[in-house]
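Heads up: the structure comes next, in structure tokens.
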Amino acid sequence: MKLNELLQDFVIFQTNEESEVLERLEGIKAIETFSEREQAIIENLIRKSLVSKVQRNGSTLVMVNEL
């Protein structure tokens, strides 16, 4: 039996701040365009596998993973 079959309603907890930042994160953006607080929130979302971090041409880009 697969894990997906056992867990019908799998939800990753998000704080209100994380939800707001996740909604504003459309497409691929440079992490430097966000404030220091938003960058910390994005790092939390990366740990939760809701956002991906990509290194490209010396800059760090972030993008939302498919939910």
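Computed from the coordinates by the stated procedures, all read-outs in this text should not be read as laboratory data. Since the model is a prediction, treat every value here as computed from it, not as a measurement. Here Cβ is always computed from backbone atoms with ideal geometry, including for glycine, and neighbour counts include all displayed protein chains.
Okay, here's what the table says:
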| read-out | value |
| --- | --- |
| Inter-residue pairs, beta-carbon under 8 Å, first in contact (Cβ under 8 Å) with a residue 40 or more places away in the chain and in region 44-67, second in a loop (DSSP other than H, G, I, E, B) and surrounded by fewer than 10 Cβ atoms within 10 Å (Cβ to Cβ), 6+ apart | VAL64/GLU26 |
| Residues being exposed (fewer than 10 other Cβ atoms within 10 Å of the Cβ) and assigned to a helix (DSSP H, G or I) - total across region 4-19 | 4 |
| Residue count, region 45-64 (criterion: within 16 Å of PHE13 (Cβ to Cβ) and touching a Leu at 6+ places or on another chain (Cβ under 9 Å)) | 3 |
| Flag if ILE31 is more than 9 Å from the chain's Cα centre (by Cα) and touching a residue at least 24 places away in the same chain (Cβ under 8 Å) | yes |
| Counted residues, region 20-52 - those being assigned to a loop (DSSP other than H, G, I, E, B) and surrounded by 10 or more Cβ atoms within 10 Å (Cβ to Cβ) | 4 |
